[in-house]
Amino acid sequence: MDSLLIQKTVARHLLAVQAVRLKPTEPFTWSSGWKSPIYCDNRVTLAYPEVRSFIKNALADAIRQQFPTAEVIAGVATAGIPQGALVADVLNLPYCYVRPEPKAHGMGKQIEGHLAAGQRVVVIEDLISTGGSSLKVVNALRAAGAEVLGMAAIFTYGFPIASQNFASKNVPLVCLSNYDALLVEAQELDYIPAEAMESLSAWRQNPSQWGQ
């Protein structure tokens, strides 16, 4: 299956199970304070076996193609933990997951599972916004001596700042679907009216100021 068809199919799945919601006239408020016409929670896909299987297999295929020398799969806590475990199982590779910060008690671990210095790792994330929290995980893995080959994610908003952040850390990023593909599918499915497209497109260009 080519990448454009995967983008389209994943976007349709996310809309169908309401992992993604679009409300340009009743925007959501993110933890950052940004007003947003979109809310994405890919954990919802775990409740739907057909969707869950498509996503895990598509991520596994992407890793085989883009990062064929991967030795370990690492999930980003928390939403990337189950997705990463599913992908590691498909690829029959060792798995670990990484917290944003070390635990404040017990062994004080940030990386859970076994990871040896020098191992080649691919990171699994569910959603890419600015990339800041995802790249903290990359920093932790590199500090532990791992070679981070790249990151694979289910969905990206496609913010320019995210591309800049990943490029600055030299982390290749592969995403199954994206905001542009989602809008196309949402229109085809009559999920949103045509007149809402201008507002939805404007949000991605300047999300911090949209809706103010």
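The values are calculated or read from the model by the stated rules, or taken from the named source; none is laboratory data. Model, not experiment: these values are computed from the prediction. All Cβ positions, even for glycine, are placed from backbone atoms using ideal geometry, and neighbour counts span all protein chains on display. Heavy atoms of the whole protein, side chains included, go into the accessibility calculation; ligands, DNA and RNA do not. Shrake-Rupley method; radii C 1.70, N 1.55, O 1.52, S 1.80 Å.
Report, by residue number, each residue of the range 188-212 that is under 10 Å from Pro37 (Cα atoms), in a loop (DSSP other than H, G, I, E, B) and either basic (Lys, Arg) or under 22 Å from the mean Cα position of the chain (by Cα) (or both).
Answer for the range 188-212, where residues must be under 10 Å from Pro37 (Cα atoms), in a loop (DSSP other than H, G, I, E, B) and either basic (Lys, Arg) or under 22 Å from the mean Cα position of the chain (by Cα) (or both): just Pro207.
Identify, please: which residue in the range 15-29 is in contact (Cβ under 8 Å) with a residue 40 or more places away in the chain and closer than 24 Å to Ser208 by Cβ and is, among those, surrounded by the most Cβ atoms within 10 Å (Cβ to Cβ)?
Checking each candidate, the answer is Val20.
Failed condition for Phe155, given (1) open to solvent by 40 Å² or more (accessible area, probe 1.4 Å); (2) in contact with an Asp or Glu (Cβ under 8 Å, 6 or more places away or on another chain), with all others met?
(1)
Answer yes if at least one residue in the range 128-143 is open to solvent by less than 30 Å² (accessible area, probe 1.4 Å), closer than 21 Å to Ala58 by Cα and in contact with a strand residue (DSSP E or B) (Cβ under 6 Å, 6 or more places away or on another chain), and no otherwise.
yes
Does Gln205 satisfy the criteria of being more than 21 Å from Asp61 (Cβ to Cβ), at pLDDT below 90 and out of contact with any strand residue (DSSP E or B) (no Cβ under 9 Å at 6 or more places or on another chain)? Explain how you work it out, then say what you get.
Values: more than 21 Å from Asp61 (Cβ to Cβ): yes; at pLDDT below 90: yes; out of contact with any strand residue (DSSP E or B) (no Cβ under 9 Å at 6 or more places or on another chain): yes.
Yes: the conditions hold for Gln205.
Being in contact (Cβ under 8 Å) with a residue 40 or more places away in the chain, part of a helix (DSSP H, G or I) and over 24 Å from Val10 (Cα atoms) is the requirement here; does Val184 meet it?
Details: in contact (Cβ under 8 Å) with a residue 40 or more places away in the chain: yes; part of a helix (DSSP H, G or I): yes; over 24 Å from Val10 (Cα atoms): no.
No; evaluated as a whole, the condition is false for this residue.
Can you pull out the residues in the range 18-43 that are touching a Ser or Thr at 6+ places or on another chain (Cβ under 9 Å) and at positive phi?
Passing the criteria: only Gly33.
Which of the residues belonging to the range 169-212 are under 15 Å from Pro27 (Cα atoms) and open to solvent by less than 50 Å² (accessible area, probe 1.4 Å)? First the steps, then the outcome.
Within the range 169-212, the first condition is being under 15 Å from Pro27 (Cα atoms), and the residues that meet it are 192, 196-204, 206-212.
Those that are under 15 Å from Pro27 (Cα atoms) and open to solvent by less than 50 Å² (accessible area, probe 1.4 Å): Ile192, Ala196, Met197, Ser199, Leu200, Ala202, Trp203, Arg204, Pro207, Ser208, Trp210.
Where in the range 35-121 are there strands (runs of 3 or more DSSP E), lying fully within it, with 3 or more residues that are in contact with a strand residue (DSSP E or B) (Cβ under 7 Å, 6 or more places away or on another chain) and open to solvent by less than 40 Å² (accessible area, probe 1.4 Å)? Can you show your working first?
Working: elements: 38-40, 72-76, 95-98.
Filter on the range 35-121 gives 72-76.
Tell me yes or no: at least one residue of the range 160-167 is among the hydrophobic types (A, V, I, L, M, F, W, C), surrounded by fewer than 16 Cβ atoms within 10 Å (Cβ to Cβ) and in contact (Cβ under 8 Å) with a residue 12 or more places away in the chain. Break it down into steps so the answer makes sense when it comes.
Going residue by residue through the range 160-167, those that are among the hydrophobic types (A, V, I, L, M, F, W, C) are 161-162, 166-167.
When the remaining residues are screened for being surrounded by fewer than 16 Cβ atoms within 10 Å (Cβ to Cβ), the result is 161, 167.
Among the residues that remain, those that are also in contact (Cβ under 8 Å) with a residue 12 or more places away in the chain are: 161.
Yes, some residue in the range 160-167 is among the hydrophobic types (A, V, I, L, M, F, W, C), surrounded by fewer than 16 Cβ atoms within 10 Å (Cβ to Cβ) and in contact (Cβ under 8 Å) with a residue 12 or more places away in the chain.
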